[in-house]
Structure formats: structure tokens, C-alpha cells
Amino acid sequence: AAQCADFDTLRAQHAAKLMIWEEELPPEVRAELKKRGVRPVVFRTCGNRPPKGDYLQVMQQNLDALRAAFN
């Protein structure tokens, strides 16, 4: 509850509609963000070798996720 209150205070100063995350976030966090009108977007930084594909494929998936978020 305290983290949600802190987030609400910060959001009052920055009315962002998107939040970028490095990995998939827990469903309860996703639900709280959506309840507040914020859409979480996963953007994998690919700091390590991806489980499948390569760096460029991961970056393409990131671009696709960002395009979808802005549309």
C-alpha cells in the first residue's frame, strides 16, 4: 500500500501513460498499473544471451511492443 501511495504521488507530477520494464512483471503489479491508467511495456535489454533468438530479434520484439503501446 505504501508503494502504491508513493507511486500515486510521483504520478501526480509525471502523468505518464507507459512504464517500461526489463522483464515481465507480476500480474498483481500489472493490474495495479492498469487500474491507474498506466500501461506496462516489456523492453528486454538483453544483457545476457536470450533463451531463443539473438540480440537483434529481441530488439525487434522490443520495437514491436513499443509500437503496439503507442498505437
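Quick one: in the range 1-22, which of the residues that are aliphatic (A, V, I, L, M) and in a strand (DSSP E or B) is most open to solvent (accessible area, probe 1.4 Å)? Step through it out loud before you land on a result.
Step one: filter the range 1-22 for residues aliphatic (A, V, I, L, M), giving 1-2, 5, 10, 12, 15-16, 18-20.
In the following step, the residues that additionally are in a strand (DSSP E or B) were identified as 18-20.
Numbers: Leu18: 51, Met19: 54, Ile20: 110 Å².
Once the filter is applied, the top-ranked residue is Ile20.
Only one of (1) at pLDDT 90 or above; (2) polar (S, T, N, Q); (3) open to solvent by 50 Å² or more (accessible area, probe 1.4 Å) fails for Asn71. Which number is that?
The number of the failed condition is (1).
How many residues, within the range 38-71, are part of a loop (DSSP other than H, G, I, E, B) and over 13 Å from the mean Cα position of the chain (by Cα)?
To start, the set of residues in the range 38-71 that are part of a loop (DSSP other than H, G, I, E, B) comprises 38, 43-54, 71.
Then keep just the ones that are over 13 Å from the mean Cα position of the chain (by Cα); that gives 46-54, 71.
Number of matching residues: 10.
The values are calculated or read from the model by the stated rules, or taken from the named source; none is laboratory data. As the structure is a computational prediction, the values presented were derived from the model and not from experiment. These area figures cover heavy atoms from the full protein model, side chains too; ligands, DNA and RNA do not enter into them. Shrake-Rupley method; radii C 1.70, N 1.55, O 1.52, S 1.80 Å.
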